[in-house]
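Structure, as structure tokens:
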């Protein structure tokens with residue numbers, strides 16, 4: 001099982017509790033639990049815990065990696081290609097299960113639906129950042145925005 005939140009203010013245990021209950025109700029044995037506190041902006045290749053989980057899935061007795069929703073994996077298109085390629089190559093031995101999305105990377109229709117769902121996941125944060133930039137520019141022109149407060153960690 002893999003659970004990820006973007007900030008330390010969020011509770012990754014909430015996802016884990018849900019996944020454990022889902023696994024129990026769907027007759028899955030939990031072999032490994034991975035909790036990540038990483039921004040969705042961080043590429044998967046840079047998420048050490050996720051990469052180790054993928055490596056372990058090739059060597060351990062795991063037949064699937066379960067997540068709550070696809071957007072918990074990534075919102076970067078480059079990562080989508082990486083995920084699809086990895087699971088297509090290893091689909092017979094380790095599947096990707098999302099409790100919120102039907103995934104089947106073994107056929108064209110399943111890959112299409114995965115790509116459509118992931119396109120939506122990638123679109124949303126990009127769209128929000130564009131709208132935020134427009135709002136900040138407008139606020140600057142109106143003299144209402146003077147920049148981030150010193151020490152602010154928020155990025156646009």
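Which residue fluctuates the most in the chain, going by a Gaussian network model with Cα springs under 10 Å, if the choices are 95, 144, 24? Among 95, 144, 24, the largest mean-square fluctuation in the Gaussian network model of the chain belongs to 144.
Using R₀ = 41 Å, calculate the FRET efficiency as 1/(1 + (r/R₀)^6) where r is the Cβ-Cβ separation of residue 32 and residue 136; round to 0.05.
That gives a FRET efficiency of 0.45.
In the chain, helices alone account for a calculated mean residue ellipticity at 222 nm of -16000 deg cm²/dmol, with every DSSP H run of four or more residues adding -39,500 (n - 2.57).
Computed from Cα positions, the angle between helix 12-25 and the longest principal axis of the chain comes to roughly 30 degrees. Computed extension length for residue 104-residue 85: 5.6 nm, one decimal, from 0.36 nm per residue of separation with the Cα-Cα distance subtracted.
Treating r as the C-beta distance of residue 115 and residue 8 and R0 as 25 Å, the FRET efficiency rounds to 0.20.
How high is the relative contact order of the stretch 2-121? Use alpha-carbon pairs under 8 Å, at least six apart in sequence, and give a whole percent. Don't jump to the answer; show the numbers that get you there.
On the way: 156 pairs, mean separation 29.0, N = 120.
This gives 24 percent for the stretch 2-121.
Shape class of the stretch 74-114 from the alpha-carbon gyration tensor: rounded, with the ratio a/c of largest to smallest axis under 1.5.
How much of the DSSP bridge set in the chain is antiparallel, in percent, rounded to the nearest 5? Before the final figure, lay out the partial values.
Values: 1 of 9 bridges.
Percent antiparallel among DSSP bridges in the chain is about 10.
As a rough guide to protection, the peptides 50-61, 77-88 ranked by mean Cβ packing within 10 Å, highest first, stand as 77-88, 50-61.
Every number in this text was worked out from the coordinates using simple rules, so none of it is lab data. Bear in mind the structure is a predicted one, so any value in this text is a computation, not a measurement. FYI the Cβ positions are ideal-geometry reconstructions off the backbone, even for glycines, and counts take in every protein chain you see.
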